[in-house]
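Working notes, beginning with the structure itself.
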Amino acid sequence: MTATSFRARASQGATAGLLLALFLFPRVASNYWLDVFTSAFFYVILALGLNVVVGFAGLLDLGYAAFFAIGAYTTGILTTVYHVPFLLTVPAAAALAALSGVVIGAPALRLRSDYLAIVTLGFGEIIRITAKNLTLTGSASGIYGIPRPTVFGHALKTQQDFYYLLLILAIVTYLAMRRLEHSRVGRAWKYIREDEDAAAAMGIDPFRYKLLAFVVGAVVGGLAGTVFAVRMTAIAPESFGFMQSVLILLAVILGGLGRLPGVVLGAFLIVLLPEAMREFASWRYFLFGALLIAMMHFRPEGLWPAGRRKMPQSGRAALNGGDGR
Amino acid sequence: MMLLEVERLSLRFGGLEVIRDLSFAVPAGTIASFIGPNGAGKTSLFNLITGFYRPTAGEIRFAGERITGLPPSAVARRGLARTFQNIRLFKTLSALENVLSALHPRTRSGVFAALFRTPGMRREEAWAREEARRALAFVGLQDVADRSAGTLPYGHRRLLEIARAIALRPKLLLLDEPAAGLNPAEKAALADLIRRIRDELEIGVILIEHDMRLVANVSEHVVALSYGEKIAEGPPADVLRHPKVVEAYLGEEAVG
């Protein structure tokens, strides 16, 4: 057996062991920890979606929570006001998220990436403030009483039901992202990220693929939003603010930009670290922030990066004080 | 038939005239060279032809079609490939993945094909990899297919950029100073490669080159530029001896 195949087998074994542990976890865990892990799976999905935009295509999106909000509100409104069954709201939410991805992306992606960051930041705030002011979206108090979903005849009610639902969705998202990454489309994104001019000289239209990355990211965020709505049964504008977007971006960057296992690790860290530091009470976000700054200083490529890789230009400027590496 | 026709082309950046009223034509199947001192506008001309710059005035026709103002990706899809003066590879990706970028226009699998790994997508992927390996083998880089481009030695990176460009199956290949930084043996191999690209792949070649021996050795047609204007055009033997060309390179006193 060669060294590489041994390593491949070892990592396959570790993955299988980890998945088994996650599937058995509800047998031993308290409801509190089930809830924490369900949130972690949730952030895994969101971070994987944002990773298409930031990691694969190298674009900085500071308003990703907007797509998450669009998915959540679509499901929230359709189920409570129009009594549409949950599963039928899913394609509607995906379509609406995709559409908003095009509407925001089409003008913004023609600009330099720094402007994209500003436009997406603005878009995120517009969505949140709109949700806060419309009666349809329940204003500041949001939407409550979202019915618990029935998926293929099985009513999802307990903590454990949602744990499994999100675990499975996170795995499916991960596998889908892996297939995308190693496809013609995934390569086109990487070419553009590495050198946009060289990609264009090979006949790849950078704008078209950036827009596609934006839309794919939006759809994943929208789908996560629908599940968020039915899990929480209540949604409010403050769940979709700028800090939410930043937190998801942190998950992507923390673990290792563009590399899928790193993104999963990052998502777990942003959920588990604040939990682990709970005893420090209001100090915990301070500690969390200090930890992030330390990490960006000592490991700017992330905890589990893909070889040596450049961060997107503006992302690097924003996070490293502009001097890069 | 003329493959590339440039008519009364001008490019101005503010007050700076980079290209001034330039006209020339390159027949199909020719190896041609653009020569001229630094700052003559050769690379700007490449950027104009490949759509990276928009001309202030004038027209560019490729295979009879007007391509002025088309974006770079559209120009590439019409059969115009290029390399860059300062080598622009996708550094963290493997040599094979670099060449695969050029197969993009000739393949079509999208997001859904990738998610469901359709049989069509898998066939296309296998075909593209085969085609990319052929392009690597053509320049002699078959053994480094899986190495990341950034780790290859300089000479190999130059070759890899050429492999990527020919994998596009262009009608015309623009090489921006392909011999820069190569040793004499590598330059001789490059001259052979350029001839093989034209003879075996039937791709026309235009090179920007400062090595006059290489220019005289491989090209059949030379366009000489100075300060954005054409000062001579014709067979290399005539152009390289042309008084204006000698003057442009050596300065007036040397001629005087």
If you build a Gaussian network model of chain A, linking Cα atoms that sit under 10 Å apart, which residue out of A:Ser282, A:Ser30, A:Ser245 swings the most?
A:Ser282
Helices from chain B with mean Kyte-Doolittle at least 1.6 and a Cα length along the axis of 18 Å or more, per DSSP H: which?
none
Taking a ≥ b ≥ c as the square roots of the Cα gyration tensor eigenvalues, with a/c under 1.5 meaning rounded and otherwise prolate when a/b beats b/c, else oblate, which class fits chain A?
rounded
Using amide H atoms built 1.01 Å from N in the peptide plane, name the residues 5+ places from B:Ala180, or on other chains, whose amide H lies under 5 Å from its own.
none
Under DSSP H, which helices of chain A have Cα atoms covering 27 Å or more of the helix axis and a Kyte-Doolittle average no less than -0.5?
A:3-28, A:31-51, A:86-108, A:113-133, A:159-181, A:206-232
Starting from the amide H of B:Ile206, placed 1.01 Å from N in the peptide plane, find each other amide H under 5 Å away whose residue is 5 or more places distant or on another chain.
B:Ala32, B:Leu173, B:Leu174, B:Leu175
Taking placed amide H atoms and a strict 5 Å upper bound, the residues 5 or more places from B:Ser10 or on another chain that come that close are B:Asp21, B:Leu22, B:Thr56, B:Ala57, B:Gly58
Relative contact order [Cα under 8 Å, 6+ residues apart], the stretch A:137-268, whole percent:
29
Going from the fewest other Cβ atoms within 10 Å to the most, one would list B:Thr68, B:Thr83, A:Thr135 as A:Thr135, B:Thr68, B:Thr83
Going fewest to most other Cβ atoms within 10 Å around each Cβ, A:Asp205, A:Asp197 line up as A:Asp197, A:Asp205
Magnitude of the Cβ-charge dipole of the stretch B:92-168, K/R +1 and D/E -1, about the Cα centre, nearest 20 debye?
120
Can you tell me how much longer the chain between A:Phe280 and A:His182 gets when fully stretched, taken as 0.36 nm per residue apart minus their C-alpha distance, in nm with one decimal?
31.0 nm
Ordered by fewest other Cβ atoms within 10 Å, a rough proxy for footprinting exposure, A:Trp189, A:Trp283 read A:Trp283, A:Trp189
Give the aspartates and glutamates reachable from B:Lys171 as a straight Cα distance under 16 Å; neighbours fewer than 8 places away on the same chain don't count.
B:Glu5, B:Glu65, B:Asp199, B:Glu200, B:Glu202
In a GNM of chain A with a 10 Å cut-off on Cα contacts, which of A:Leu20, A:Leu62, A:Leu272 has the highest mean-square fluctuation?
A:Leu20
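No value in this document is a laboratory result; all are computed from the given coordinates. Bear in mind the structure is a predicted one, so any value in this text is a computation, not a measurement. Please note: Cβ atoms are built from the backbone with ideal geometry, for glycine as well, and neighbour counts cover all protein chains shown.
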